[in-house]
Amino acid sequence: MSDFQTSEPTWHPNPKQPTFKAPAGAVDAHCHVFGPGNSFPYAPERKYTPVDAPKEKLFALRDHLGFSKNVIVQASCHGKDNSALIDALLAANNNARGVAVVSPDITDEELADMHQAGVRAVRFNFLKRLVDPAPKPVYTRMAERVAKLGWHVVVYFEEADRKELEPFLISLPTTVVIDHMGRPDIKAGIDSRGFSQFLKLMENDKFWVKVGCPERLTIDGPPYNDVAPFAKKLIEKAPDRVLWGTDWPHPNMKSHLPDDGELVDRIPVIAPTKIAQQKLLIDNPNLLYWG
Ligand code: 0GY
């Protein structure tokens, strides 16, 4: 373990009240809970140790932002122990769904219990700074198993690895949700070869994409005007297959503390019409996670 310990929270202590009013029932479809470590210890194999970001803080943020539901994604610092995630799901009164990271030796009974708690997907993380990825057949086998539960797969990868991963991703037997817009190279621009290839991949309707996370991709910093054209383009291209999330509590953010209220205020910039906002925040996440 290379224990990168953040001693200060990676989230804004006092996010603004958003000016943008999310439609009633809006879903934050990418966020995490961390610990608390004394109840839910961090994984021995973790590559960073976060500051505790417990469920109560996540639910308070949800309410503050005018959102109703969360999709909570298992982060690498909790490894394949989904206890903190499950605890949050059970406390959320059907207002949260989960994306788990599981071990190949998980039993069908354990998967069924997770489904009961609200898990609807498994995440395959290919970022080498976060995990040591498994051989692809391990992921394929897991995707085949969770397909039987009606779950999908969420993938996180660097743009530099996309081409190599594409045949594998296309071969998966489920819907595949791509985290953080496939991490485009913002400096290269929306007409770049890389982003054009990504748009082409999105023509395959098995792929969905999360259009949040400008704070992680930006070069210029807030208000993330350099990232907005990428998200806007993806929403125009696949309005029925886009999701949005805060990414709270923003693990590994070192450049600045993103203001979650400001992130919400970027939504009408990337999804300017009421119809696009309704799909992004209500229809799409509800179909995938509460359908
Ligand atoms: C994110 C992104 C990050 C972390 C993780 O699993 C994780 O630890 O996803 C990151 O450092 O880019 O989506 O929260």
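The values are calculated or read from the model by the stated rules, or taken from the named source; none is laboratory data. These numbers were taken from a predicted model, which means no experiment stands behind them. Backbone-built Cβ (ideal geometry, glycine too); neighbour counts: all protein chains shown. Please note that ligands, DNA and RNA were not included when accessible areas were found on the heavy atoms of the full protein model with its side chains. Shrake-Rupley method; radii C 1.70, N 1.55, O 1.52, S 1.80 Å.
Each residue of the range 108-115 in order: what ³J(HN,Hα) in whole Hz does its phi give by Karplus 6.51 cos²θ - 1.76 cosθ + 1.60, θ = phi - 60°, with x for Gly and Pro?
The phi angles translate into 5, 5, 5, 5, 5, 5, 5, 4 Hz.
Once neighbouring chains are kept in place and the probe is 1.4 Å, which whole percent of the accessible area of the chain is contributed by carbon and sulfur? Walk me through the numbers before you get to the answer.
On the way: 6370 of 12160 Å².
C and S fraction of accessible area: 52 percent.
Where does the Debye-calculated log10 I(q)/I(0) of the chain sit at q = 0.15 Å⁻¹, using only Cα point scatterers of equal weight, no solvent?
-1.21
In whole Hz, what ³J(HN,Hα) sequence does the range 206-217 give by Karplus (6.51, -1.76, 1.60; θ = phi - 60°), x for Gly and Pro?
Running phi through 6.51 cos²θ - 1.76 cosθ + 1.60 with θ = phi - 60° gives 6, 9, 10, 8, 8, 9, x, 6, x, 5, 8, 9 Hz.
Please get the size of the charge dipole for the chain, origin at its Cα centre, with Cβ charges of +1 on Lys and Arg and -1 on Asp and Glu, quoted in debye to the nearest 20. Don't skip to the answer; put the middle values down first.
Numbers: 35 positive and 37 negative charges, 123 e Å.
Computed charge dipole of the chain: roughly 600 debye.
With respect to the cross-link table entries Lys232/Lys274; Lys210/Lys279; Lys233/Lys254; Lys57/Lys279; Lys47/Lys187; Lys69/Lys163, which display a Cα-Cα separation exceeding 24 Å? List each step's numbers first, then the result.
Values: Lys232/Lys274 14 Å; Lys210/Lys279 13 Å; Lys233/Lys254 27 Å; Lys57/Lys279 27 Å; Lys47/Lys187 27 Å; Lys69/Lys163 34 Å.
Over 24 Å Cα-Cα: Lys233/Lys254; Lys57/Lys279; Lys47/Lys187; Lys69/Lys163.
Whole number in Å², please: accessible area per residue of the range 27-289, 1.4 Å probe, ligands, DNA and RNA not counted. Don't jump to the answer; show the numbers that get you there.
Values: 10260 Å² over 263 residues.
Counting only protein heavy atoms, the per-residue value for the range 27-289 is 39 Å².
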